[in-house]
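Quick note: the coordinates plus some simple rules give every number you see, no bench work behind them. The structure presented is a predicted model; accordingly, all values stated were derived computationally and were not measured. Ideal geometry is used to build each Cβ from the backbone, glycine not excepted, and the neighbour counts take in all protein chains shown.
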């Protein structure tokens, strides 16, 4: 009896699955690469209820912040749901799968390609003036030639260094190496701390690649160009810090900040959030800490990140959603937002405001933003980035040959494809 | 050397007669003590020491967590970590309760966890009982099916489950938070294994007396199962209380967030973490679990009257 | 249906170890079968909808090339049969992760079970006072936030100021940088996982130990059986179903181990602590849903395999099998 019933159940399962799969089949027509143009937004005050998702502190602060928008547009209601950064990517992905997306959502810059490729995002209409944004920031919204959403706030990476160990910040590659050596002669255990591979190391490395003049893909994002001589030059330079003993290969997690404030590490590369962390750790020691833009190779460059705001194509209140998004990108609103949550504005005009222009640390970030670049917003970027992370680890910890590393990265990236 | 005597079973299950020991030490070579338990006085002391050392090892992170929730952000980040706070402060907790709508999230977590726990206790013990003690067509297949799904990694069913729940209209509802976890294979497996150990004579005797299956279950079997039920209760409650990913995905407005989701919201950032808030949150989240554990833990070891079976 | 049917002498009732009896239907079979299905029904309904349904859907996912771009149109994907599974086995990173996971399970499962059992037995019968205190204490790791756990363990394993290396230094051993070493990172993960998992196992074993009849222990002690012999011949056999349960769920948990490398080493250094579950999580993150689903089911097969081995070693014996060695005392006492 058991045997029979088992076979029956098995057959039923197969039948159901087969039926479901029979309905499957990929559309052979068209696909990515073609640019879409957005329908225009109607003028006038917004109406309807706009559902907004925002992560972290932004999510917390946004609900109160939108009171000014509601004043301008009395017929509109904006409901903000704060979402934790932890697993926010999963939440948006499942929402898209289940058809439960909001009208507007904050989206990390490196997720744009993936979510735009699903067709869930609405292309940016002419209502938005793209010239006002930092170029690198605007590029993060470019997926295969069409722009989706807008950059909301940005972050970029600069050099944090100790003025008591390295009085002058370096302006070029040779200068960076010299500064590290000098700092070690002055008593530091390590001249600089750079991430030697593992999650997120690509964000520290890519600035060097861009400084060397390397391009990651071709113009229309369909092919990778990761094994160019410029790339190899950047890899060689990055590796030199580890092979020369200037940077640690096995710094325990959590040790960077205490060691830096104690003078054991003379410099490191990071974004705006470290200012607060270092202050909390040792406010008095901050007088020996200074920031500088990253040294130039063939040119200046850094990494730009942050978050974008995107409107979903399923939205029933498209006009109101875009009006809201446009309001958030006005320079004066961006300055207000900075005052509320300390997010760096993505609109360059906002940086002229005294609230930002007068801050000593922000000055450096503002300058760096002008030459900051973003990785290509392709759907497969996260996967390619993890390949770079793994190969960087081999480069820095196992002393692999830079040319071989570049070739491996290119091969694996090609196997993954750009997704466009 | 073997001093073990294998008593043979007798009809009725009575204890076999005890044979007198062959020498003063009872054949074990060890001096017998006057202890009525089955340990020796010396062993007790050693056991305490071993357990105590182990205890220090296992509780140190918890102690660090509790102490560090009273520290400033900078002190938490210090390497090597400090233990006693230099300047103890309740600021982390104050900030947590200020920013968090605590009653709302706590209620959500409590409702969901209690519902899931009670549901599991009822449904899993029912199924576990019949899987252990009954014969019926398809029993083996059923057990293997349930056990099999226990072995499937959770992340593979996340998207399909969400699509299913969305199509049922249960997104952002308490039902959506509770229903997927009411039938947990883990509970069935636990109860079945436990019920296997209950002697059939008890159940047969009750049947002979004419009790219905339901009555046997409620009046004979369940009272014997208290340790297993308590274990299942605490494990299910803990799992549901700390569940993060599903409540995050199912809730689309903050009023349905559970406590872990809300805490992650306020403490983890895109590039950095607010450790003070995180640890204060962790302490707050752990207190109800500890309370439930303390209440239930005496049931783990409630004596089961197995020895007087005739 | 008559309610009372006396048990006739010689009649076969389930559970009796009567290997020579012809299998006959026990009394009240039909009524009991109906009752059984009634008991099973609530669970089964929920299970079919909320567990089995998504499982079947994910199986379908595993035989297609579903990627994140297909999320809005999940049916517009190509059926590719076992291509995903073939790709999984051809993936060198998967093979490395599989080797890591096997290492972890083969060492971790026996270690955890042995340790938890030892502590549970000592807690149960080795001490008389402060039992509740110890019970709560050993459960702490299970409820401690992983963040706190990570900080303390990182401190323990710190190369310069870490406690472990300090203690080793007293014996003149120069401890390595545990988490950054490709040799020592995995043993560190095993230690951490063991530490975290014994709490749950201890309370499960404690519950199981309650079924061990103390009268038997006393009788055996009077007969002169030593502690170890009593443990082997009375405690372990009675605890068998509970041991099996503990072994299976520990196996399931360890084959899918994820949190320790995720929090401590991110799979490094050089993928030496990358587990299959972590690799699968990354693949889901990249949006390779079909491929990741296939990998999940490969993991599932590994768990099933492990469970089969465990059932063979620790499972209950079929009543028909002829016994070769004398039945352990506890079995006969309970009459199984």
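Listing for the model above:
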read-out: Mean separation of Cα contacts under 8 Å, 6 or more apart, over the residue count of the range C:42-107: relative contact order %; value: 22 percent
read-out: Pairwise FRET efficiency - residue C:171 versus residue B:50, Cβ, R0 = 22 Å, nearest 0.05; value: 0.60
read-out: Least to most buried among C:161, B:188 (fewest other Cβ within 10 Å first); value: C:161, B:188
read-out: Expected 222 nm ellipticity per residue - DSSP helices of 4 or more, -39500 (n - 2.57), all of chain A, to 500; value: -13000 deg cm²/dmol
read-out: Within the range A:299-339: backbone nitrogen closer than 11 Å to the residue B:271 label point (7 Å, Cα to C-beta); value: A:303-307
read-out: Label-reachable residues, the range C:178-201, where backbone N falls under 18 Å from a point 7 Å from residue C:107's Cα toward its Cβ; value: C:178-198
read-out: Part-to-part distance (alpha-carbon centres) for the range B:202-248 and the range A:235-270, which is given in Å; value: 56 Å
read-out: Peptide C:201-207, shielding by other chains (average Cβ, 10 Å cutoff); value: 6
read-out: The range B:95-300 - percent relative contact order, Cα under 8 Å, separation 6 or more; value: 34 percent
read-out: Cα radius of gyration and Dmax for chain C (Å); value: 25.2, 80
read-out: Highest average packing first - A:220-226, B:274-280, Cβ atoms within 10 Å; value: B:274-280, A:220-226
read-out: Average other protein chain Cβ within 10 Å of Cβ, residues B:188-198; value: 6
read-out: Simple label model, 7 Å out from Cα along Cβ direction - residue A:296 to residue A:171, nm; value: 0.8 nm
read-out: Extension reserve of the residue A:332-residue A:215 stretch, reckoned as 0.36 nm per residue once the Cα distance is removed; value: 38.7 nm
read-out: Mean-position separation - Cα centroids, the range A:295-333 and the range A:156-188, in angstrom; value: 34 Å
read-out: Separation in nanometres of the label points that stand 7 Å from Cα toward Cβ, at residue B:98 and residue A:68; value: 2.3 nm
read-out: Degrees separating the helix A:360-369 axis from the principal Cα axis of chain A, which is the longest one; value: 60 degrees
read-out: Calculated Rg and Dmax of the range B:77-129 using C-alpha coordinates, Å; value: 19.8, 55
read-out: Distance cut-off 18 Å, percentage of C-alpha pairs in the range A:277-420 lying past it; value: 73 percent
read-out: Rg/Rh (Cα only; Kirkwood hydrodynamic radius) as it applies to the range B:128-233; value: 1.08
read-out: Under the Debye formula (equal points on every Cα, no solvent term), log10 I(q)/I(0) of chain A at q = 0.09, 0.13, 0.14 Å⁻¹; value: -0.63, -1.16, -1.29
read-out: Footprinting exposure proxy for B:144, C:69 (fewest neighbouring C-beta atoms within 10 Å first); value: B:144, C:69
read-out: Residue-averaged beta-carbon neighbours from other chains (10 angstrom radius) around B:242-255; value: 4
read-out: Cβ-Cβ FRET estimate between residue A:49 and residue A:286, R0 fixed at 51 Å, reported to 0.05; value: 0.65
read-out: Burial ordering of A:367, B:133, fewest other beta-carbon atoms within 10 Å first; value: A:367, B:133
read-out: Diffusion constant of the protein assembly as shown at 37 °C, which comes from Stokes-Einstein with the Kirkwood Cα-pair radius and 0.692 mPa s, µm²/s; value: 103 µm²/s
read-out: Calculated FRET value between residue A:401 and residue A:164, using beta carbons and R₀ = 51 Å, to 0.05; value: 0.85
read-out: Relative packing of B:103-110, C:209-216, C:264-271, which averages over residues the other C-beta atoms within 10 Å, highest first; value: C:264-271, C:209-216, B:103-110
read-out: Two-site label geometry, residue B:83 and residue B:208: point separation in nm, points 7 Å out along Cα→Cβ; value: 6.1 nm
read-out: The range C:119-211 - Rg over Rh from alpha carbon coordinates, Kirkwood radius; value: 1.08
read-out: Expected 222 nm ellipticity per residue - DSSP helices of 4 or more, -39500 (n - 2.57), all of chain C, to 500; value: -20000 deg cm²/dmol
read-out: Full-stretch length increase - residue C:87, residue C:305 - with 0.36 nm per residue and alpha-carbon distance subtracted; value: 76.4 nm
read-out: Dmax and Rg, reported as Rg then Dmax, of the range A:366-420 (C-alpha, Å); value: 13.5, 38
read-out: Scaled radius of gyration (Cα, divided by 2.2 N^0.38 Å) that the range B:95-300 gives; value: 1.19
read-out: Peptides ranked, highest mean first, by Cβ atoms within 10 Å: ranges B:165-176, A:189-200; value: A:189-200, B:165-176
